[in-house]
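The values are calculated or read from the model by the stated rules, or taken from the named source; none is laboratory data. As the structure is a prediction and not an experimental result, all values here were calculated from the model. Quick reminder, even Gly has a Cβ in these numbers, built from the backbone with ideal geometry, and neighbours come from all protein chains shown.
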Amino acid sequence: MAVKFWRRPHSGRSAVHACNGMVVSSQPLASQTGVRILEAGGNACDAIVAMAAVLNVVEPFSTGIGGDAFALLYLPSEKTLKSINGSGFAPKGLSYDYLVNELKLDQIPKMGVLPITVPGAVGAWGLIHETYGRLQWEDILQPAIQYAQDGFPVSPVIAQVWKELVPKLLSHQGAKKTYLINDQRAPLIGEIFKQKNLGSTLRIISKQGADAFYRGDLSNQIVEFLQQEGGFIQTSDLKNYKAEWTTPVSREIYNNIVWEHGPNGQGLVTLLILSIVEELDIARYPHNSADYLHYLVEAKKLAFADAFANIADPDHMTIPLSKFLSEEYAQTHASQINPRQAMMSIPTPLQLGDDTVYLTAADKDGMAVSFINSLFYGFGSGVVDPNTGIAFQNRGAGFSLIKGHPNQYMPNKRPFHTIIPGMITSPENELLYSFGVMGGHHQPQGQAQVFLNLILQEMDPQDAISCPRFHHDQFTNTVAFEEPIGIGVRSELRKRGHSILDSVGTNFGGGQIIQRNLSTGCYIGGSDPRKDGQVQGF
């Protein structure tokens, strides 16, 4: 008798189940590294740093030691969450007056030395490891060093994006030399790509510690290169930098606690979207119906308008977070939404980026880390030091040049950030999910949709992350929908005034999820098919 094969979910992938530990990232070699660290006796913190370092090598346009990072950590023995702000400051030598009055800018450019801020990622790696790591620092960074020096086969989605970024790489000598084959083309799918100088830099950090990036010979080399390029970062900018432990923000939504890193990241936006749609009782509408999507898109517009007007370096915010997280906030904004008519969105002057890596890890003891590491735009500023292999982020483009704005550019200030790690716990603070959705300003709207898939639709992690999403662009007030959100739904939304774009060319992000099964203690994982990612567990 013929075997009747089980039919897979629409995603084409199954959720992965494992009991002793689990990792998920946007590239299989990074995920493989993370699970090997867990198998060697490391914990979730060891695994997350090892994976982040490997991703610097195998997905170099999205992330790296020239960028920033944010993290949420779940500590099972205390049933508490902690967060880390690994974002850097604007250099003290670059003034607002110079940008606005001398250069006559109304926006900080996305490329070149002007948007380069102090990279915070290595500081975040070091803080996580020195506080909670088990394995030796040198051993954790060894896989990344090996892939950089011996090479790795380029995976399909990464090869495609790399190819699209060739014009940007050709505009800078160091970028061209470091990231193109024969200074001309991107590596092909499966082609072995080596980054020996980056490998040497990672080896210095592995032997001397994370502090070597900010103090000592390596930091001097970084400063010398940037100043030769006409940049503004000085030795004291690096020396004075430290990643910081912070307090995460949270809100109860549909009887679950959603946790985000607070400002200067945009995690608050996810909480605002969800608080508004819960007030509107979105649960009463069929999933991805016209009503369901209309309310989500409208809530997103309001939440983003508040974010762009108010989110900044927390030392410079003028409205307390408690106001945004209040019942009154949700009620007021819910009342502004017309069920039959789309509103105009308030455009943003900010540049919001696309390229990021999100990764998460959980170990057999129940510790979990939700982590996001980014260069902002593809290959960041486009400025690459060929001697160290470091691509420098362009996070300074996240500042506003509007005088008096909370996010106005200022030396020694952190810019508005798009990157947001997330977690979900029970009201008793038991970990349920560690999750994130990458992709610039898609992140809060993606996270909100994935949360609702998990909690209201009771999807498993793989189906929740694979499920079709919408993406609304605040600047153009246009929205795109992935298939199979159908023509009938789109037609109804057009009648309500939504301007709908074709989904081709739209960024719907990419995400990862680890779920903790409270009854068994085991993990269930999902990785976004929009990326090259993979779940691994044991």
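Observations on the structure shown:
- Here residue 384 does not qualify as at pLDDT 95 or above and closer than 28 Å to residue 23 by Cβ.
- Here is the figure for the range 256-310: residues that are in contact with a strand residue (DSSP E or B) (Cβ under 9 Å, 6 or more places away or on another chain), hydroxyl-bearing (Ser, Thr, Tyr) and assigned to a loop (DSSP other than H, G, I, E, B) total 0.
- Any hit, the range 56-64, residues being closer than 27 Å to residue 383 by Cβ and acidic (Asp, Glu): yes
- Scanning the range 495-514 for residues that are assigned to a loop (DSSP other than H, G, I, E, B), at pLDDT 95 or above and not small (Gly, Ala, Ser) yields a total of 2.
- Among the residues making up the range 35-84, those that are closer than 16 Å to residue 359 by Cα, part of a strand (DSSP E or B) and not β-branched (Val, Ile, Thr) are 68, 69, 70, 71, 72, 73, 74, 83.
- Checking each residue in the range 152-199 for being buried (at least 16 other Cβ atoms within 10 Å of the Cβ) and among the hydroxyl-bearing types (Ser, Thr, Tyr) picks out 155, 178, 179.
- Taken together, the residues in the range 304-328 that are polar (S, T, N, Q) and exposed (fewer than 11 other Cβ atoms within 10 Å of the Cβ) amount to 2.
- Matching option when the condition is under 30 Å from residue 157 (Cβ atoms) and either surrounded by 24 or more Cβ atoms within 10 Å (Cβ to Cβ) or modelled with pLDDT of 95 or more (or both), among 99, 94, 73, 81: 73
- Leading residue by the ranking (surrounded by the fewest Cβ atoms within 10 Å (Cβ to Cβ)) among those in the range 208-230 that are more than 26 Å from the chain's Cα centre (by Cα) and not in a helix (DSSP H, G or I): 230
- Test: residue in the range 473-486 that is touching a Lys or Arg at 6+ places or on another chain (Cβ under 8 Å), under 21 Å from residue 372 (Cβ atoms) and not in a helix (DSSP H, G or I): yes
- Filter result for residue 238 (touching a residue at least 12 places away in the same chain (Cβ under 8 Å) and crowded, with 21+ Cβ neighbours inside 10 Å): yes
- Selection count, the range 420-442, where residues are out of contact with any helix residue (DSSP H, G or I) (no Cβ under 7 Å at 6 or more places or on another chain) and at pLDDT below 95: 4
- Any hit, the range 437-460, residues being of a type in the set (Gly, Ala, Ser), farther than 23 Å from residue 285 by Cβ and crowded, with 24+ Cβ neighbours inside 10 Å: yes
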